[in-house]
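Trainee: Sharing a structure, written as structure tokens. Questions coming.
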Amino acid sequence: MRSLFLLSLFCFAQPCHADSTGVWLGTVQWTFDGEGPDCDAQMAFRENAGEIVALEGYVDCGIVTLETPPLTLKKLGAKLTLDGTVVGDWSENSAHWKVPYSDTVSIETKITITPDGMMDYEDIWTGSEGLIYRISGQLRRQ
């Protein structure tokens, strides 16, 4: 009973939520036209009261590799902004944003920290013709 009280005290003394901070490893599926290989993935995030920073990431499928550049999203209430423009939203255990990759391609990213401490990760790449590919899977914090 005492430990339950201490846990409650700890949670009320500071925000109790599962943030994305850390290095995350796992397997994702990189699909194109509904099919695709399983790939190794590593993502690194830093999250605090004011921002979510995607520090780095890569997806390695053996014959093709994707590296993602750093991205800093500012928290403005429940919204996420990039260079002053609202690009998504966030809550205690999840974040969702959509940013341009080029003039014709955008990347929509969704992350959710599950109750068991895993990260559900999804990137949806779309272009002027529609869906290009989807990268999705579950990652574990290292």
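Trainee: In the range 94-113, how many residues are touching a residue at least 12 places away in the same chain (Cβ under 8 Å) and either more than 11 Å from the chain's Cα centre (by Cα) or surrounded by fewer than 16 Cβ atoms within 10 Å (Cβ to Cβ) (or both)?
Mentor: Residues flagged as touching a residue at least 12 places away in the same chain (Cβ under 8 Å) and either more than 11 Å from the chain's Cα centre (by Cα) or surrounded by fewer than 16 Cβ atoms within 10 Å (Cβ to Cβ) (or both) within the range 94-113 amount to 6.
Trainee: Looking for something modelled with pLDDT under 95 and under 18 Å from Asp19 (Cα atoms) - is there at least one such residue anywhere in the range 65-78?
Mentor: Here is the first cut: in the range 65-78, the residues modelled with pLDDT under 95 are 65-70.
After this cut, where a residue has to be under 18 Å from Asp19 (Cα atoms) as well, the list is 70.
Among the residues of the range 65-78, at least one is modelled with pLDDT under 95 and under 18 Å from Asp19 (Cα atoms), which makes the answer yes.
Trainee: Turning to a different aspect of this structure: Among the residues of the range 72-93 satisfying the criterion of being under 16 Å from the mean Cα position of the chain (by Cα) and acidic (Asp, Glu), which is surrounded by the most Cβ atoms within 10 Å (Cβ to Cβ)?
Mentor: So the first thing to find is which residues in the range 72-93 are under 16 Å from the mean Cα position of the chain (by Cα), and the list is 72-75, 78-82, 87-93.
Right, trim to acidic (Asp, Glu) and you get 89, 92.
Working: Asp89: 15, Glu92: 10.
Ranking the candidates gives Asp89 first.
Trainee: So, one more: Do we find a residue being in contact with a Gly (Cβ under 8 Å, 6 or more places away or on another chain), among the aliphatic types (A, V, I, L, M), closer than 21 Å to Val28 by Cβ and not in a strand (DSSP E or B) anywhere in the range 99-117?
Mentor: Yes, the range 99-117 contains at least one residue that is in contact with a Gly (Cβ under 8 Å, 6 or more places away or on another chain), among the aliphatic types (A, V, I, L, M), closer than 21 Å to Val28 by Cβ and not in a strand (DSSP E or B).
Trainee: Can you name the number of the only condition in (1) surrounded by fewer than 17 Cβ atoms within 10 Å (Cβ to Cβ); (2) touching a Gly at 6+ places or on another chain (Cβ under 7 Å) that Gly137 fails?
Mentor: The single condition Gly137 does not satisfy is (1).
Trainee: While we're on this one: If you scan the range 45-68, which residues turn out to be assigned to a loop (DSSP other than H, G, I, E, B) and farther than 22 Å from Ser94 by Cβ? Let's see the steps before the verdict.
Mentor: Quick first cut of the range 45-68, residues assigned to a loop (DSSP other than H, G, I, E, B) only: 48-50, 61-64.
Hits for the range 45-68 are Cys61, Gly62, Ile63, Val64.
Trainee: Of all residues being acidic (Asp, Glu) and over 16 Å from the mean Cα position of the chain (by Cα) in the range 19-71, which is nearest to Gly117 (Cα to Cα)? Just the residue, please.
Mentor: Step by step, filter the range 19-71, then rank; the result is Asp38.
Trainee: Tally up the residues in the range 115-142 that are free of Cβ contacts under 8 Å to residues at least 40 places away in the same chain and of a type in the set (S, T, N, Q), please.
Mentor: Qualifying residue count, the range 115-142: 2.
Trainee: So, one more: Out of Glu108, Glu92, Glu129, Glu122, which single residue is touching a Cys at 6+ places or on another chain (Cβ under 9 Å) and among the charged types (D, E, K, R)?
Mentor: Glu92
Trainee: Based on what the data block shows, is Thr104 in contact with a strand residue (DSSP E or B) (Cβ under 7 Å, 6 or more places away or on another chain) and at pLDDT below 95?
Mentor: On the way: in contact with a strand residue (DSSP E or B) (Cβ under 7 Å, 6 or more places away or on another chain): yes; at pLDDT below 95: no.
No; evaluated as a whole, the condition is false for this residue.
The values are calculated or read from the model by the stated rules, or taken from the named source; none is laboratory data. What you see is a predicted model, and the numbers here were worked out from it, not measured in a lab. Virtual Cβ from ideal backbone geometry, glycine too; neighbours counted across all protein chains shown.
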